[in-house]
Each structure stands twice: as structure tokens, then as C-alpha cells.
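In what follows, a structure is listed as C-alpha cells, so that the remarks can point back to it.
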Amino acid sequence: MPIKIASWNVNSIKIRAETVADWLREAQPDVLCLQELKCEDRNFPQTIFEDLGYNLALYGQKTYNGVAILSKWPISDISRGLPTFADDDQSRYIEAVIGLPNTAARVASIYLPNGNPPDSAKFDYKLRWISALRDHAANLLAYEEPLILAGDYNVILSEADVHDPEAWREDALFRIESRHGLRSLLHLGLRDAIRLCSDEPGLYTFWDYQAGAWQKNNGIRIDHLLLSPEAAGRLRRAGIDKYVRGREKPSDHVPVWASLH
DNA sequence: ATGCCGGGCGAAGCCCGA
């Protein structure tokens, strides 16, 4: 059963609802993980997505953060927040089981903290959050089932994933502590879907609104789909829908997707 | 070049993102 799953930081779902709906009609993913809703659940523009045939699992928040899972297949076992991070007051993690015709896949939508500046409590929060995510991922991997951890990780894994590495060297997204944190998830056995399909440099998912970053292709790759071995074994293709960044009123991130059979 | 854009909140200007 082929399934296409995508992740997209939309930078406000209320502003971006029509943009997201347009892309859903074009790309036809079975599952879309959203981040940075900046919206409480009761204000989520749900009918526009329900009309396109999607079920919704929401974990919103006013002004900041907020994550969701949209699925054409039934959604069950929804859980909100990382169970390994007690008292997190930010909506950054939602997980659910997607019921496919002959199997099921566990999916999470993740909005990992930015962490800048790196000498602040925000960076400490980022590192603690990654550590909690790793602990939870280790627990989920014990189920030995198709698992997709999708989201905005706010971590650049390697120099191939950033246009100007020196400019980002001391940024919280590229600091070695952040990279080690995300690598620790890979060391559990999770695989980066894009890197299973391509080793070419310059594959980016984010371009800053400022300083002509898009026009100069001054981008970074920080949105990732991490797959359990059971999901990675079914991977057929993965890609980044870069063209979306060139449209009117774009998010600064673009969708990243993978198709599994 | 760490606020150049863009969004939220709320009704001007500040907070935040990456």
C-alpha cells in the first residue's frame, strides 16, 4: 500500500490555509505533519482541510508553536506532548497512529526548539528537548513498527545541508551540540529519508525572508523525516517541494515528503 | 548583518523566528 507522507512548517496556519490547501491538491499526500500553527485548536481552519478529505489531530497554541497531523486515513491513539519531557508548556509534539488498509504507521509531527542565542536558556531548553525526544524515540523503536518522526528539527546535520557553513558555525541550528543531539537519534537506528535517496549537497528546506536569501539560494536543510528500520525498508522516494517557496505569501519553509510502499 | 522580512497581538511597537 503506497503512502506519501510530508512535513511542512507553515508559519501560521491561518495566514497559510489556502496555500497549504493548494499544495495538498497538487501533491496529494496521505499524511501531512504541520508545524508552527500559531493558532489555538478552536481557531484552526479545519473545514478547508476536511473538505479535501483529511482527518485532523491538533495540538495548537496561541501565538507560538503548535503542531498537527492531517491524514486521509483514520487517525487513532493521539498523544500530545513528549511523555519524556515533563511540564513542557510549549506545543511542539503530537503523535498518532495512522490506520492503513493492511497495516498501521505511527507518525509524529515535531517542532523542535530553535535555541538561539546559544549562550541562553533557550539553547539549554533545545538540548534538553532533543534529549527527551531521543529517549521517547528509543521507546517507540522497541515496537519495531513503521514509524515516521517528521518535522522542523531546527538542526542542520552537515555542511552539505547549508549554503554558507561559516555563517552558521556558531548558530544554535549548526552548533556541534545540536548536531550531536540529532545524530543521537540516527544512532538509535532512525534514518534520514532524504539522505537515503540522495547524497547531493544543496538540498534545502528553509530560506530566510530577509536579505534575498531565496533569490541567492542561501538556504538550509532543517526539516527532516526520520524513519524506523521498518519504514525505511519501504521507502521508495523522498523529495523537497522547493518550488512552493517561490509563490505568493510563502512560508519560509517548504514541504519535505517521502513515499513508502 | 541577530532583525534587513514576516507573523502575532492588538491597535503602536515589541516579541519571536532561524
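The values are calculated or read from the model by the stated rules, or taken from the named source; none is laboratory data. Since the structure is predicted, the reported quantities are computational estimates derived from the model, not experimental observations. As a convention, Cβ positions derive from the backbone with ideal geometry for all residues, glycine included, and neighbour counts pool all protein chains shown.
Yes or no, residue by residue, for (1) modelled with pLDDT under 95; (2) surrounded by 22 or more Cβ atoms within 10 Å (Cβ to Cβ); (3) assigned to a helix (DSSP H, G or I); (4) away from DNA strand B (no atom under 16 Å from the Cβ):
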{"position": "A:Ile130", "(1), (2), (3), (4)": "no, yes, yes, no"}
{"position": "A:Ala150", "(1), (2), (3), (4)": "no, yes, no, no"}
{"position": "A:Leu186", "(1), (2), (3), (4)": "no, no, yes, yes"}
{"position": "A:Gln210", "(1), (2), (3), (4)": "no, no, no, no"}
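Within region A:12-66, which residues are hydroxyl-bearing (Ser, Thr, Tyr) and buried (at least 16 other Cβ atoms within 10 Å of the Cβ)?
Once the filter is applied, which keeps residues that are hydroxyl-bearing (Ser, Thr, Tyr) and buried (at least 16 other Cβ atoms within 10 Å of the Cβ), region A:12-66 yields A:Thr19, A:Tyr54, A:Tyr59.
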Original post:
Mind checking which residues of region A:12-26 are closer than 15 Å to A:Ala68 by Cα, within 12 Å of DNA strand B (Cβ to nearest atom) and either in a helix (DSSP H, G or I) or at pLDDT below 95 (or both)?
Top reply: A:Ile13, A:Lys14, A:Arg16, A:Ala17
Original post:
Here are some conditions: (1) within 12 Å of DNA strand B (Cβ to nearest atom); (2) farther than 26 Å from A:Ser198 by Cα. A:Asp135 meets all but one. Which one does it not meet?
Top reply: (1)
Original post:
If you go through region A:212-235, how many residues are basic (Lys, Arg) and either out of contact with any Phe, Trp or Tyr (no Cβ under 8 Å at 6 or more places or on another chain) or away from DNA strand B (no atom under 16 Å from the Cβ) (or both)?
Top reply: 2
Subject >> Residue, farthest from A:Gly99 (Cα to Cα), within region A:27-54, restricted to residues that are in a helix (DSSP H, G or I) and more than 9 Å from DNA strand B (Cβ to nearest atom) >> reply: A:Arg42
Original post:
Within region A:52-80, how many residues are more than 17 Å from A:Asn11 (Cβ to Cβ) and small (Gly, Ala, Ser)?
Top reply: 5
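For region A:1-11, which residues satisfy the criterion of being under 19 Å from the mean Cα position of the chain (by Cα) and either part of a helix (DSSP H, G or I) or more than 25 Å from A:Lys62 (Cα to Cα) (or both)? Full working, then the answer.
Our first condition is that a residue be under 19 Å from the mean Cα position of the chain (by Cα); within region A:1-11, this holds for A:3-11.
A:Ile3, A:Lys4, A:Ile5, listed by residue number.
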